[in-house]
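Participant: Below you will find the structure I want to go over with you.
The values are calculated or read from the model by the stated rules, or taken from the named source; none is laboratory data. All of these numbers come straight from a predicted model, not from anything done at the bench. Cβ atoms come from the backbone with ideal geometry, glycine included; neighbour counts cover every protein chain shown.
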Amino acid sequence: MTLNNSALVTIYGGSGFLGRNVVRAIAKTGARMRIAVRRPDLAGHLQPLGSVGQINAVQVNVRYPDSLLAAAKCADAVINLVGILFPTGNQTFKSVQDEGARNVAEAARANGVGTFVHLSAIGADRDSLSAYARSKAEGEEAVRHAFPDAVILRPSVVFGPDDDFFNRFAALARIAPVLPLIGGGKTRFQPVFVGDVSKAVLAGLTGRVHAEGPYELGGPEIVTLKEVMERVLAYSMRKRPLVPVPFWFAKMKAAFLQLLPKPPLTIDQVRLLETDNVVSEAAIHDGRTLEGLGIEPVAIEAVVPDYLEQFRPRGQFSIYRP
C-alpha cells in the first residue's frame, strides 16, 4: 500500500512504548491513524505526534471481537501491537496474545483490509516452557490462519527512551546494594532500537517485507545479561556488585514477587531467561532481518547512555566518559 493522507491505518495497542514510536513514524507519511486501545482517554499523548485530525483514538478490547470489527472498518491496513509482559485478571497470555491476535486478524479480514502487520517476539515457540513464548507462537499461527498474507515481525528486546529493559535495571541499580545475575548472567540478547522496529513496521505496510516467514529483528550487538548489567552501571555511573543467582533460586523468589500488582519478576520471565533471545541463523540466511530490509540497526552505545543519565548520581550534570 501507499502511505499518504488518503490512507487509513488502524493500530491496535498503539499507545504503549512501541506504539508511540510507530505512530510517530507513520505520522510523517501523512497517513491517518485510528488508535484502538482499551483506554482512549489515556492516549492523548499521541495527538502532538501528528497534525490536527490525523490521529484518532477509539475504545476496543481484544477479548471482545465486536469492538475490533468497528475499529478496522474502512482501514487500508491494520497493525497489531497488543501484548503483555505478565498476566493480570482476565488479561492472560492466552486471551491477549493468542486469542486476541486471532480476533484482530479476523476483524481485519472481515473488513477487507489489504495489509496486516503483527508484532510477535523472538523466542516464540509452541514447545517453550514459558507461557509468554507459547502464546506468542500460538498467536502467530492464529494470525496466519485468519490472514495468510500477514507480515509477522519478531523483535528481540526493544530499547529506547522509556523502555522497560535498560531503564528497569538502572532503576534497580540506584536503590539496590547488589544486582542479581539470574542464571549467572549468561543469557544472550540482541537488543533492537525502537526506531528500527518502527522502520520495519513501515516496511511491512509498504510491501517491502515478504510474508513467507517471520522477520527477526535484532540490533548490531549480541550481549549477555552480565554485559547488559555492566553497561547499565557504566552509563548510570554507579558501582554495584554483580551476584550470580541460580535459575531455581530466581524462580523461588519470583513465586513471591509475581503476587505484587506490578511484579518486578515472574516465574515465567525466569523461564524466558533460560533461552537466548537472538536472531536465528535461518533468518540471517534467508535475509529476514533488519539488514535484509535495508535498515542499518542502531547500536546500544549510540542511544542508551543519553536516556540513562537520569539515573546518575548528579543526573544530567554528571560527566559520562565512555
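Participant: Looking at region 125-155 only, could you name the residues that are part of a helix (DSSP H, G or I), in contact (Cβ under 8 Å) with a residue 60 or more places away in the chain and under 22 Å from Arg208 (Cα atoms)?
Facilitator: Glu140, Val143
Participant: Looking only at region 52-68, count every residue that is at pLDDT below 95 and either of a type in the set (Phe, Trp, Tyr) or surrounded by fewer than 19 Cβ atoms within 10 Å (Cβ to Cβ) (or both) and tell me the total.
Facilitator: Number of matching residues: 7.
Participant: May I pose another question? Tell me whether region 70-90 contains one or more residues that are within 27 Å of Val192 (Cβ to Cβ), more than 17 Å from the chain's Cα centre (by Cα), modelled with pLDDT under 95 and surrounded by fewer than 20 Cβ atoms within 10 Å (Cβ to Cβ).
Facilitator: Checked against the condition, which is being within 27 Å of Val192 (Cβ to Cβ), more than 17 Å from the chain's Cα centre (by Cα), modelled with pLDDT under 95 and surrounded by fewer than 20 Cβ atoms within 10 Å (Cβ to Cβ), region 70-90 yields at least one hit.
Participant: Pick from region 195-220 the residues that are aliphatic (A, V, I, L, M) and at pLDDT 95 or above: which of them is farthest from Val22 (Cα to Cα)?
Facilitator: Leu217
Participant: Where the second residue is surrounded by fewer than 19 Cβ atoms within 10 Å (Cβ to Cβ) and the first is on the phi > 0 side of the Ramachandran plot and lies in region 229-249, which pairs have Cβ atoms under 7 Å and are six or more apart or on separate chains?
Facilitator: Close Cβ pairs satisfying both conditions: Met237/Pro313; Met237/Ser318; Met237/Tyr320.
Participant: Only residues that are touching a helix residue (DSSP H, G or I) at 6+ places or on another chain (Cβ under 6 Å), among the polar types (S, T, N, Q) and part of a helix (DSSP H, G or I): list them for region 289-316, please.
Facilitator: Gln316
Participant: Continuing with the same structure: Among the residues of region 215-231 satisfying the criterion of being out of contact with any Leu (no Cβ under 7 Å at 6 or more places or on another chain), not in a strand (DSSP E or B) and not small (Gly, Ala, Ser), which is surrounded by the most Cβ atoms within 10 Å (Cβ to Cβ)?
Facilitator: Val228
Participant: Which condition does Ile122 not pass, out of (1) modelled with pLDDT under 95; (2) part of a loop (DSSP other than H, G, I, E, B), if it passes all the others?
Facilitator: Answer for Ile122: the failing condition is (1).
Participant: Select the helices (runs of 4 or more DSSP H) contained entirely in region 1-112, then report the ones holding at least 3 residues which are under 23 Å from Ala150 (Cβ atoms), of a type in the set (D, E, K, R) and touching a residue at least 12 places away in the same chain (Cβ under 8 Å).
Facilitator: Hits in region 1-112: 99-110.
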